[in-house]
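Step one of this worksheet: look at the structure below.
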Amino acid sequence: MSHAPASPHALEPRHVKFDWRDTPVQWLPGDPFANHTINVLHLLFPAGEMWFCRVYNKVLPLITDPQVHADAKGFMRQEAIHARSHEGVLKHYHGAHGIDTRPFTDQIDHLFKHVLGEAPFGWKIGHTRFWIRQQLGTIAALEHFFGYLGHWVLNAKGLDEAGADPVMLDLLRWHGAEEVEHRMVAHTLFKHMGGTYLERVLHMLLVMGLLLHLIHRGNRFMMRADPQRPRLRGFLGSWRASARGGRLPALGHVIAAAARYFAPRFTPGDEGDTEQALAYLASSPAASAAQHGGAFRR
Ligand SMILES: [Fe+2]
Ligand SMILES: [Fe+2]
């Protein structure tokens with residue numbers, strides 16, 4: 001039996017371009033904590049999403065269902081553009097604002113190339129079904145978070161009310177909308193390759209711990225690197241204050257989203273809103289400019 005398509009239409013990459021020259025480091029006025037918490041995504045996505053692509057490239061020849069194969073290809077092409085777009089923010093921070101993020105991103109590169117890559121801790125097990133399932137399951141757990149965050153950012157009125165930089169907001173919402181659009185792909189592929197419930201639980205536990213750790217460390221790194229030297233306050237108290245203003249998701253909601261993944265009948269189709277995501281993609285300034293080969297600049 002062939003799987004149902006992951007999206008009402010074929011997953012296609014949108015070749016967006018963002019012009020960052022007018023975007024400040026504090027693109028979210030008045031809330032450096034939320035600003036730099038969201039900035040952690042730029043630190044993680046370039047290496048993380050290119051790793052997704054490498055794993056999917058390796059798995060493509062093993063997929064026996066044509067629909068799953070087509071969705072995996074569409075997914076890869078979207079993720080490659082996400083990675084490149086977030087990399088553009090880091091280049092802008094370095095070139096225009098003197099923030100060198102390599103001390104942090106070099107560690108993220110190491111994580112995805114060596115710990116989660118083809119020879120973890122020197123063991124050459126990248127080609128084994130076992131390791132492929134662990135990689136695919138880790139991607140599926142991460143994708144659950146990204147789908148959740150994508151839905152959140154599409155509805156985060158607090159970012160508009162705070163006067164967020166329109167180019168950054170469009171990057172976040174365009175990416176978030178594509179995460180909602182392709183949210184079925186990673187879960188379906190993991191199951192297609194024999195992923196089990198027990199593995200799914202373990203992957204989510206690993207991913208939750210890893211993301212919380214990296215978001216905390218990344219936030220501190222960016223706060224310290226910010227030339228305006230924002231004051232470092234307690235992490236949890238700052239998060240609560242930002243969440244109250246709708247500029248970060250409430251931590252309780254993030255944990256509840258993770259907990260839903262543990263339901264044996266979990267499916268990403270029950271999360272997010274495809275129609276809303278596609279409506280955003282139809283009106284996104286960068287996605288619209290891309291149709292004429294242009295970049296979005298405010
Ligand atoms: Fe992505
Ligand atoms: Fe994704």
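Throughout, read-outs are computed from the coordinates displayed, never taken from laboratory work. Only a predicted model underlies this, so the values are computations on that prediction, with no experimental measurement involved. Positions of Cβ are generated from backbone atoms using ideal geometry, with glycine treated the same way; all protein chains shown enter the neighbour counts.
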Practice task
Quickly run through region 173-186 and pick out the residues that are more than 11 Å from ligand 1 (Cβ to nearest atom) and closer than 15 Å to Asn155 by Cβ.
Solution key: Arg173
Handout entry: Among the residues listed as Leu189, Leu159, the single one being in contact (Cβ under 8 Å) with a residue 60 or more places away in the chain and either within 15 Å of ligand 1 (Cβ to nearest atom) or closer than 25 Å to Arg77 by Cβ (or both)
Key = Leu189
Exercise for the section: Those residues that are free of Cβ contacts under 8 Å to residues at least 12 places away in the same chain, exposed (fewer than 13 other Cβ atoms within 10 Å of the Cβ) and in a loop (DSSP other than H, G, I, E, B), I need them from region 249-292; list them, please. Expected result: Ala263, Arg265, Gln291, His292
Fill in the blank from the handout: When region 217-227 is checked residue by residue, the ones that are within 16 Å of the chain's Cα centre (by Cα) and either hydrophobic (A, V, I, L, M, F, W, C) or surrounded by fewer than 21 Cβ atoms within 10 Å (Cβ to Cβ) (or both) are none
Handout entry: Given (1) closer than 25 Å to Val16 by Cα; (2) within 16 Å of ligand 1 (Cβ to nearest atom); (3) not hydroxyl-bearing (Ser, Thr, Tyr), index of the condition Val207 fails
Key = (1)
Problem - Wholly enclosed helices (runs of 4 or more DSSP H) of region 126-222 bearing at least 2 residues farther than 17 Å from Asn39 by Cα and small (Gly, Ala, Ser) - result: 129-154
Exercise for the section: Among the residues of region 89-105, count how many are under 13 Å from Leu44 (Cα atoms) and surrounded by fewer than 17 Cβ atoms within 10 Å (Cβ to Cβ). Expected result: 2
Handout entry: Cβ pairs under 9 Å, 6+ apart, first in region 174-186 and farther than 11 Å from Asp273 by Cβ and more than 9 Å from ligand 2 (Cβ to nearest atom), second polar (S, T, N, Q) and outside any helix (DSSP H, G or I)
Key = Trp174/Ser284; Met184/Ser7; Met184/Thr267
